[in-house]
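The values are calculated or read from the model by the stated rules, or taken from the named source; none is laboratory data. Since this is a predicted model, take the numbers as computed values, not measurements. Because the Cβ atoms are built from the backbone with ideal geometry, glycine has one as well, and the counts that use them run over all protein chains shown. The accessibility values were calculated without ligands, DNA or RNA, using every heavy atom of the protein model including side chains. Shrake-Rupley method; radii C 1.70, N 1.55, O 1.52, S 1.80 Å.
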Amino acid sequence: MRDAELKGIGMTSRRTRDRLINRLAQQGITSSDVLEVMREVPRHIFVDEALAQRAYEDTALPIGHSQTISQPYIVALMTEALLAGGALNKVLEIGTGSGYQTAVLAHLVKQVYSVERIQSLQVKARSRLRRLSLYNTHLMLSDGTMGWPGRAPFDGIMVTAAPGKVPVELLEQLSEDGGRLVIPVGDFHQDLLLVVRRGQAFRQEVLELVRFVPMLSGVIR
Ligand code: SAH
């Protein structure tokens, strides 16, 4: 992709992106690290060309297979909550989808591991992450309810599809020393939870009421 396409023009230009960032700040996102990264990551390359014009609106957008790229405010909120305990080395994301949240995380933590169950989404996400030279991202095609046991423990785990309850495997793969899990839980509407692990103790708080696509089992090739 040519540099000009990454920079964007018109509805994908710097000015349009600045408006989104101002809006996120007005809505209560305070982390300047998160806001600056979201100003830089070109969200318009994570959606189909026909939707690129809408990439800097604060809304979820379809990415195919009945899935969506998350609303920017929710991406910012979840990222801020994950990072609020201090710098993170290793983060696991469940639900790569378009790869946008993966790209945002890649700028803020050392290594990002991301699991997706739909192969065609993963293939597109991988090529976008390469285009942006985000080589600290590692993708796996798998059912993310299992986490990524071979790479555990994680300082942070972010789940971008909603299970009915917190999968115990994900709790087990949190680092014992303050590992943080951000996860939507529930059916139609969900509570966005932050869980912090200390040893075998798990402290939980509700961050927001949210609406995510459901976490489903099995892999689609
Ligand atoms: N973080 C993504 C959000 C995509 S929507 C983005 O920024 O674009 C949620 C994604 O979770 C979908 O791609 C869906 O296929 C995936 N998903 C749902 N259940 C899953 C599971 N059990 N394991 C892995 N991925 C899953």
Any idea how many residues of region 156-173 are more than 19 Å from Leu207 (Cα to Cα) and buried (at least 16 other Cβ atoms within 10 Å of the Cβ)? 1
Under 9 Å between Cβ atoms, at least 6 apart or on separate chains: pull out the pairs that start in region 113-142 with a residue that is in contact (Cβ under 8 Å) with a residue 40 or more places away in the chain and end on any residue that is basic (Lys, Arg) and near the ligand (Cβ under 10 Å from one of its atoms). Leu141/Arg117; Ser142/Arg117
What pairs come up if the first residue lies in region 193-221 and is in contact (Cβ under 8 Å) with a residue 12 or more places away in the chain, the second is of a type in the set (Ser, Thr, Tyr) and assigned to a strand (DSSP E or B), and their beta carbons are under 9 Å apart, counting only those six or more places apart or on different chains? Phe212/Thr68; Val213/Thr68
Picking from Glu93, Glu80, which residue would you name as being within 15 Å of the chain's Cα centre (by Cα), closer than 20 Å to Ile183 by Cα and in a helix (DSSP H, G or I)? Glu80
Among the residues of region 99-109, are any open to solvent by less than 10 Å² (accessible area, probe 1.4 Å) and either of a type in the set (S, T, N, Q) or out of contact with any strand residue (DSSP E or B) (no Cβ under 9 Å at 6 or more places or on another chain) (or both)? yes
Scope region 43-70; condition over 14 Å from Arg19 (Cα atoms), out of contact with any strand residue (DSSP E or B) (no Cβ under 7 Å at 6 or more places or on another chain) and assigned to a loop (DSSP other than H, G, I, E, B); matching residues: Asp48, Ser66, Ser70
If I go through region 59-77 residue by residue, how many of them are within 24 Å of Gly28 (Cα to Cα) and more than 15 Å from the chain's Cα centre (by Cα)? 0
Those residues that are β-branched (Val, Ile, Thr) and within 18 Å of Arg211 (Cβ to Cβ), I need them from region 20-76; list them, please. Thr59, Ile63, Thr68, Ile69, Ile74, Val75
It is to be established whether one or more residues within region 156-171 are in contact (Cβ under 8 Å) with a residue 60 or more places away in the chain and out of contact with any strand residue (DSSP E or B) (no Cβ under 6 Å at 6 or more places or on another chain). yes
Being under 11 Å from Leu139 (Cα atoms), polar (S, T, N, Q) and either open to solvent by 20 Å² or more (accessible area, probe 1.4 Å) or more than 10 Å from the ligand (Cβ to nearest atom) (or both) is the filter here; which residues of region 113-126 pass it? Gln119
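Here is a yes/no grid of residues against (1) charged (D, E, K, R); (2) in contact with a helix residue (DSSP H, G or I) (Cβ under 6 Å, 6 or more places away or on another chain); (3) touching a residue at least 40 places away in the same chain (Cβ under 8 Å):
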{"residue": "Glu5", "(1), (2), (3)": "yes, no, yes"}
{"residue": "Met11", "(1), (2), (3)": "no, yes, yes"}
{"residue": "Arg17", "(1), (2), (3)": "yes, yes, no"}
{"residue": "Asn22", "(1), (2), (3)": "no, no, no"}
{"residue": "Gln26", "(1), (2), (3)": "no, no, no"}
{"residue": "Thr30", "(1), (2), (3)": "no, no, yes"}
{"residue": "Val34", "(1), (2), (3)": "no, yes, yes"}
{"residue": "Val41", "(1), (2), (3)": "no, yes, yes"}
